[in-house]
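Take a look at the structure below.
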Amino acid sequence: MQYFKHSELVDRYHVSLKTVHNWIDGAKQGKIPLKLHVTKNRTYVANSSENLVTLEQLSAKGKKYRNALHHKVAHPTPDFYKLYSRKQILDIISNLNIHREIPRQYNYFDQGAVNWEKHSERMWNASTPNILKSTVDLINANLSTTDTLIEGRSRVNVIDIGPGNAMPVRQLLEHLLEKGVLHRYIAVDISERMLHIAERNIKEWFGDKIKFEGYVRDITYERFDDLLVDDMLDENADKTLNLALLLGATPVNFQSPRDLLKVIYSSMGKDDLLIYSSGVDTPTNRRYFDSNADAGASALSSKYSYIFDLLNIDESTYDVEMGFNAEKRVRYIRVRLKVGLTINFKFENGERNVKLDKGDTILLWRAWHQTGLEIVTDFEETGFTLLQASLTKDRQFLLTISGVETQEAFKA
């Protein structure tokens with residue numbers, strides 16, 4: 001082809017038709033080094049290697065101008081630097097640069113934990129089934145099975161991974177206390193504020209009957225087996241069982257649910273148990289979506305906007321998108337930028353910038369949808385073995401109790 005049609009340049013370089021005309025006019029006046037091709041009294045840009053280089057330069061210059069004209073710079077607030085460690089900030093920067101997302105666990109710090117508690121209270125008072133109420137119902141329905149599985153053990157350590165406000169575990173703790181087997185209650189969470197909320201409730205419900213132990217850990221990579229060393233090496237080790245709880249479908253919010261399960265598996269002993277609760281993939285769960293902390297709240301509630309506020313990203317710079325990707329079977333909340341945006345992170349010895357273009361999306365929340373069989377398969381392929389599985393009557397929510405598979409079983 002001897003020349004480019006104007007429409008081809010528009011599509012290829014994402015410019016307007018007026019911009020193409022300006023390039024041609026500039027070439028006619030000798031201001032732009034483009035070779036032109038004239039046919040049937042119409043002028044076009046010739047298709048040549050020299051022109052391709054020039055067109056790339058013109059396009060890049062135009063994009064830089066447009067970005068400068070409609071570009072915002074966000075500077076994180078002082079509270080952002082107080083709340084997150086340098087390592088956590090680097091993780092946020094890396095995930096924005098590579099995955100265009102903010103890891104979900106960082107939304108539960110400080111006021112973010114309070115926002116979550118409001119959402120949890122609204123779920124507890126709701127008239128319709130949800131993950132919180134269904135988890136409590138399923139735990140209660142499986143107390144006799146739990147008793148059978150811990151039979152012969154006089155000491156049970158409960159390790160609550162991501163305890164929230166501890167509401168889901170309340171009746172289980174009451175049950176273990178009545179049986180006289182509860183030894184320790186250990187809460188593990190990345191958010192110190194969330195641990196304070198759980199501790200407040202445990203003390204209110206049980207007083208001195210339970211000593212609250214809270215530990216700040218990022219369960220995406222930090223194991224918790226070190227918290228159990230003394231119990232597992234003392235003279236009563238054979239009478240002790242560790243019961244880990246992973247309630248509320250926590251893994252489905254991460255890029256790879258199995259990575260989280262691997263950390264938990266690596267923290268557990270051969271006789272330990274893991275109780276897990278989650279929603280399952282059904283037409284109802286695909287349709288239903290409630291993201292707000294308060295009835296009548298805005299599309300992007302404080303439950304999700306918290307970290308955006310800390311990053312100082314103005315709500316006028318983005319549109320909120322909520323949806324379900326049927327191909328990947330994942331529900332999401334993300335924002336799509338209406339302008340180019342640079343987030344400027346400043347440190348004592350320098351700064352780092354995250355540069356985003358207009359139209360880029362930032363993922364704030366995801367939930368992978370899995371069938372019951374897929375959930376069980378994930379656990380088994382991680383190293384767990386299924387001991388019990390229960391669905392709610394409406395078949396929307398699942399609870400599993402798993403043991404730790406031994407290497408001998410894998411070899412068999």
Checklist entry - Along the Cα-to-Cβ line of Leu177, 7 Å from the Cα, sits a label point; which residues in region 188-222 have backbone N less than 20 Å from it? => result 188, 195-215
Item to check | Solvent-accessible area, 1.4 Å probe, carbon plus sulfur percent, for the chain | outcome: 48 percent
Item to check | Helix 302-311 axis, angle to the chain major axis (alpha carbon atoms, nearest 10°) | outcome: 60 degrees
Checklist entry - Out of the DSSP beta bridges found with both residues in region 304-412, what percent are antiparallel (nearest 5)? => result 100 percent
Item to check | Selected from Tyr106, Tyr13, Tyr81 as most flexible by GNM, with the chain as the system and alpha-carbon contacts under 10 Å | outcome: Tyr13
Checklist entry - What shape does region 64-135 have by the C-alpha gyration tensor, where a ≥ b ≥ c are the square roots of the eigenvalues, rounded means a/c under 1.5, and otherwise prolate means a/b greater than b/c and oblate the rest? => result prolate
Next on the checklist: Quick check: residue separation of Asn22 and Trp205 times 0.36 nm, minus the Cα distance between them. What number comes out in nm?
Outcome noted: 58.5 nm
Checklist entry - Relative contact order (percent) for region 1-121, with alpha-carbon contacts under 8 angstrom and 6 or more residues of separation? => result 17 percent
Item to check | Loop-resident sites, region 149-198, for GluC sites (Glu not before Pro), counting at most 10 other Cβ within 10 Å (DSSP) | outcome: Glu151
Checklist outcome for this item: Stretched fully, the stretch from Gln255 through Thr282 gains (0.36 nm per residue minus C-alpha distance, one decimal, in nm) 7.6 nm
Item to check | For the chain: accessible area per residue (Å², 1.4 Å) | outcome: 51 Å²
Checklist entry - Ala126 to Leu52: FRET efficiency via 1/(1 + (r/R0)^6), r the Cβ-Cβ distance, R0 56 Å, to the nearest 0.05? => result 0.40
Next on the checklist: Would any residue of region 158-182 have its amide N under 16 Å from a label point 7 Å out along Cα→Cβ of Ser390? List them or say none.
Outcome noted: 168-176
Checklist outcome for this item: Taking Lys and Arg as +1 and Asp and Glu as -1, residues besides Glu50 with C-beta under 12 Å from its C-beta add up to 0
Checklist entry - How far is helix 111-124 tilted off the main Cα axis of the chain, in degrees rounded to 10, range 0 to 90? => result 60 degrees
Next on the checklist: How charged is the neighbourhood of Leu261? Take every other residue with its Cβ under 12 Å from the Cβ of Leu261, and add Lys/Arg as +1 and Asp/Glu as -1.
Outcome noted: -2
Next on the checklist: With a 10 Å cut-off between alpha carbons and a GNM built on the chain, which of Asp272, Asp378, Asp230 moves the most?
Outcome noted: Asp230
Next on the checklist: Please report the spacing between the Cα centers of region 102-180 and region 372-408 in Å, no decimals.
Outcome noted: 18 Å
Next on the checklist: Using the basic label-point model (7 angstrom from Cα toward the beta carbon), what is the Asn97 to Asp226 distance in nanometres?
Outcome noted: 2.8 nm
Checklist entry - Roughly what angle does helix 131-141 make with the longest principal axis of the chain, taking Cα atoms, 0 to 90 degrees, to the nearest 10? => result 20 degrees
Item to check | Proximal charge balance of Asp309 [Cβ under 10 Å; K/R count +1, D/E count -1] | outcome: -3
Checklist outcome for this item: Candidates Ala126, Ala244, Ala74; GNM for the chain (alpha-carbon contacts under 10 Å) flags as most fluctuating Ala126
Checklist outcome for this item: Which of (1) 95, 48, 44; (2) 77, 42, 38; (3) 61, 44, 40 is the computed Cα extents along the principal axes in Å? It is (1)
Next on the checklist: Can you give me the distance in nm between label points at Ser316 and Leu373, each placed 7 Å from the Cα along the Cα-to-Cβ direction?
Outcome noted: 5.3 nm
Checklist entry - How big is the antiparallel share of DSSP beta bridges in the chain, given as a percent to the nearest 5? => result 60 percent
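The values are calculated or read from the model by the stated rules, or taken from the named source; none is laboratory data. Small disclaimer: the values here were computed from a predicted structure and weren't measured. Positions of Cβ are generated from backbone atoms using ideal geometry, with glycine treated the same way; all protein chains shown enter the neighbour counts. Protein only, heavy atoms only, side chains kept; ligands, DNA and RNA dropped before computing areas. Shrake-Rupley method; radii C 1.70, N 1.55, O 1.52, S 1.80 Å.
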